[in-house]
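As structure tokens, the structure follows; a few thoughts come after it.
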Amino acid sequence: MDINHVRSRFAKHFDGATGSVYASPGRINLIGEHTDYNGGFVFPGAVDKGIVAEIKPNGTDKVRAYSIDLKDWVEFGLNEEDKPRTTWARYIFGVCREMIKRGVDVKGFDTAFAGDVPLGAGMSSSAALESTYAFALNELFGDNKIDKFELAKAGQATEHNYVGVNCGIMDQFASVFGKAGNLIRLDCRSLEYNYFPFNPQGYRLVLLDSVVKHALVDGEYNKRRASCEAVVAVMQKEHPHVMFLRDANMEMLEAVKDQVSEVDYKRAKYVIEEIQRVLDVSDALEQGDYETVGQKMFETHHGMSKLYEVSCEELDFLNDIAKECGVTGSRVMGGGFGGCTINLVKDELYDGFIAKAKEAYNEKYGKYPKVYDVVISDGSRKLA
Ligand code: GLA
């Protein structure tokens, strides 16, 4: 994240002005996928890639925003609901509106931002953007009166209300709460969380980006969520306390098998199993048992591919290569439909695995996967 680059662009586009600079990261997730909106557990951590934004109140009721990477300008009024139409600017506009709803007296500002979290790679570039502005607006216009959870929720609500993705809380939570060297286990029902120092001696975490762009806005993500909610609705007839799939078990699912569609059954089975896997991984981590962690990651991949159906051919291919190379754990990460696999690899196997994955992937698909070593880093913060 290059602060000097943002500073120089901001000065260039806003007559030499200087504002305050904020940053928020993207995230990885060790395990617990599509569990957040089911009230389950997730296990994310913030990464060393994210968004940096410079911001300066401009004394008007307009926002003038510049995307440094896209070289694109947008200007919008804080009350102009039909504007802006550009996706990146809708995130900023949405966060402004959500912060206003939460009682922050947001006024016009000038801003320029840039990022190094790859877009569409399943590392939550959009959450990084939302968290950066939520954090900044809270400080610049709200005397920091909004707590961190509410900042994450403002980002999530932006996705729901201004982008059309009914996402859970994981990405924005990880971006705001990230802590260097730590993964965070979040219970998405109670919102209790614990930091887990993560420094697996002898292993590395590496992402392989399939460079298949994932897009959650095309409706498949929302359909998964709808399937889960449909199963909950049926279960509630017998078990009124079930608010989320988190509150159910496999026995309860079997009991309603005939009353739900085959597809919805598969979706729910995956989620119930995945929630348990996160707990198993927590135990394994406490014992330093990375072999079990890896085993669970492979099980997650299988579930995401065959039951939840959010993998794709290229990601399955990368997962197979990981298995062939003796990698400890590997799975598709994030919402799916493209993006990255996350891999837990023994130090001594790392070079061979990366070389083999590049070569085989290129041979099959005519392109190379991108490789990102994971550095677990801090969450939203002010840089200057
Ligand atoms: C996306 C969503 C998250 C979460 C993941 C899947 O990243 O934004 O809320 O549901 O997919 O675990």
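Would region 137-159 turn up any residue that is within 13 Å of the ligand (Cβ to nearest atom) and at pLDDT below 95? Reasoning before the result, please.
Here is the first cut: in region 137-159, the ones within 13 Å of the ligand (Cβ to nearest atom) are 152-153, 155-159.
Cutting the leftovers down to at pLDDT below 95 gives us none.
No: region 137-159 contains no residue that is within 13 Å of the ligand (Cβ to nearest atom) and at pLDDT below 95.
Give just the number: which of (1) under 25 Å from P84 (Cβ atoms); (2) of a type in the set (D, E, K, R); (3) out of contact with any Ser or Thr (no Cβ under 7 Å at 6 or more places or on another chain) does E130 not satisfy?
So E130 meets the others, but not (3).
With respect to V117, determine if the residue is modelled with pLDDT under 95 and either surrounded by fewer than 17 Cβ atoms within 10 Å (Cβ to Cβ) or within 14 Å of the ligand (Cβ to nearest atom) (or both). Before the answer, list the steps.
Details: modelled with pLDDT under 95: yes; either surrounded by fewer than 17 Cβ atoms within 10 Å (Cβ to Cβ) or within 14 Å of the ligand (Cβ to nearest atom) (or both): yes.
So V117 fits the description; yes.
For region 160-180, what are the residues that are in contact (Cβ under 8 Å) with a residue 60 or more places away in the chain and within 13 Å of the ligand (Cβ to nearest atom)? Steps first, answer last, please.
From region 160-180, those in contact (Cβ under 8 Å) with a residue 60 or more places away in the chain are 161-163, 166-171, 173-180; that's our starting set.
If the condition is that a residue be in contact (Cβ under 8 Å) with a residue 60 or more places away in the chain and within 13 Å of the ligand (Cβ to nearest atom), then V163, N166, C167, G168, I169, M170, D171, F173, A174, S175 are the ones that fit.
Which of the following residues is more than 23 Å from N182 (Cβ to Cβ) and surrounded by fewer than 19 Cβ atoms within 10 Å (Cβ to Cβ): D378, D373, D316?
D316
Please find, among L191, L186, L140, L208, the residue that is of a type in the set (A, V, I, L, M) and in the same structural domain as Y270 (by TED's automatic domain parsing). Let's see the steps before the verdict.
Details: L191 fails: in the same structural domain as Y270 (by TED's automatic domain parsing); L186 fails: in the same structural domain as Y270 (by TED's automatic domain parsing); L140 fails: in the same structural domain as Y270 (by TED's automatic domain parsing).
Only one candidate passes the filter, namely L208.
Being in a loop (DSSP other than H, G, I, E, B) and surrounded by 15 or more Cβ atoms within 10 Å (Cβ to Cβ) is the filter here, so list the residues in region 186-202 that pass it. Spell out the reasoning first.
Pass one, region 186-202, residues in a loop (DSSP other than H, G, I, E, B): 188-192, 198-202.
Matches in region 186-202: C188, R189, F198, P200.
Test L183 against the criterion of being within 15 Å of the ligand (Cβ to nearest atom), outside any helix (DSSP H, G or I) and buried (at least 20 other Cβ atoms within 10 Å of the Cβ), and give yes or no. Quick ask: steps written out before the conclusion?
Details: within 15 Å of the ligand (Cβ to nearest atom): yes; outside any helix (DSSP H, G or I): yes; buried (at least 20 other Cβ atoms within 10 Å of the Cβ): yes.
Yes.
Confirm whether F135 is assigned by TED's automatic domain parsing to the domain that holds N161, buried (at least 24 other Cβ atoms within 10 Å of the Cβ) and in contact with an Asp or Glu (Cβ under 9 Å, 6 or more places away or on another chain). Spell out the reasoning first.
Working: assigned by TED's automatic domain parsing to the domain that holds N161: yes; buried (at least 24 other Cβ atoms within 10 Å of the Cβ): yes; in contact with an Asp or Glu (Cβ under 9 Å, 6 or more places away or on another chain): no.
Against the criterion (assigned by TED's automatic domain parsing to the domain that holds N161, buried (at least 24 other Cβ atoms within 10 Å of the Cβ) and in contact with an Asp or Glu (Cβ under 9 Å, 6 or more places away or on another chain)), F135 does not qualify.
Looking only at helices (runs of 4 or more DSSP H) that fall completely inside region 245-320, which ones have 3 or more residues that are acidic (D, E)? Even if it seems obvious, please write down each step before you answer.
Details: elements: 250-255, 262-286, 290-306.
So the answer is 262-286.
Just to be sure before I move on: is D289 more than 24 Å from L186 (Cα to Cα) and surrounded by fewer than 19 Cβ atoms within 10 Å (Cβ to Cβ) in the structure I sent?
Numbers: more than 24 Å from L186 (Cα to Cα): no; surrounded by fewer than 19 Cβ atoms within 10 Å (Cβ to Cβ): yes.
So D289 fails the test.
Consider region 194-227. How many of its residues are among the hydrophobic types (A, V, I, L, M, F, W, C), within 28 Å of A322 (Cβ to Cβ) and over 17 Å from the mean Cα position of the chain (by Cα)? Walk me through how you get there before you give the answer.
Restricting attention to region 194-227, the residues satisfying the condition of being among the hydrophobic types (A, V, I, L, M, F, W, C) are 196, 198, 205-208, 211-212, 215-217, 226.
Filter once more, keeping what is within 28 Å of A322 (Cβ to Cβ): 196, 198, 205-208, 211-212, 215-216.
In the following step, the residues that additionally are over 17 Å from the mean Cα position of the chain (by Cα) were identified as 196, 198.
Final tally of qualifying residues: 2.
For F149, only one of the following conditions fails: (1) closer than 26 Å to V271 by Cβ; (2) among the aromatic types (F, W, Y); (3) crowded, with 17+ Cβ neighbours inside 10 Å. What is its number?
(3)
Determine whether M235 is buried (at least 17 other Cβ atoms within 10 Å of the Cβ), touching a residue at least 12 places away in the same chain (Cβ under 8 Å), within 18 Å of R246 (Cα to Cα) and within 11 Å of the ligand (Cβ to nearest atom). Even if it seems obvious, please write down each step before you answer.
Details: buried (at least 17 other Cβ atoms within 10 Å of the Cβ): yes; touching a residue at least 12 places away in the same chain (Cβ under 8 Å): yes; within 18 Å of R246 (Cα to Cα): yes; within 11 Å of the ligand (Cβ to nearest atom): no.
Against the criterion (buried (at least 17 other Cβ atoms within 10 Å of the Cβ), touching a residue at least 12 places away in the same chain (Cβ under 8 Å), within 18 Å of R246 (Cα to Cα) and within 11 Å of the ligand (Cβ to nearest atom)), M235 does not qualify.
The values are calculated or read from the model by the stated rules, or taken from the named source; none is laboratory data. The structure presented is a predicted model; accordingly, all values stated were derived computationally and were not measured. Backbone-built Cβ (ideal geometry, glycine too); neighbour counts: all protein chains shown.
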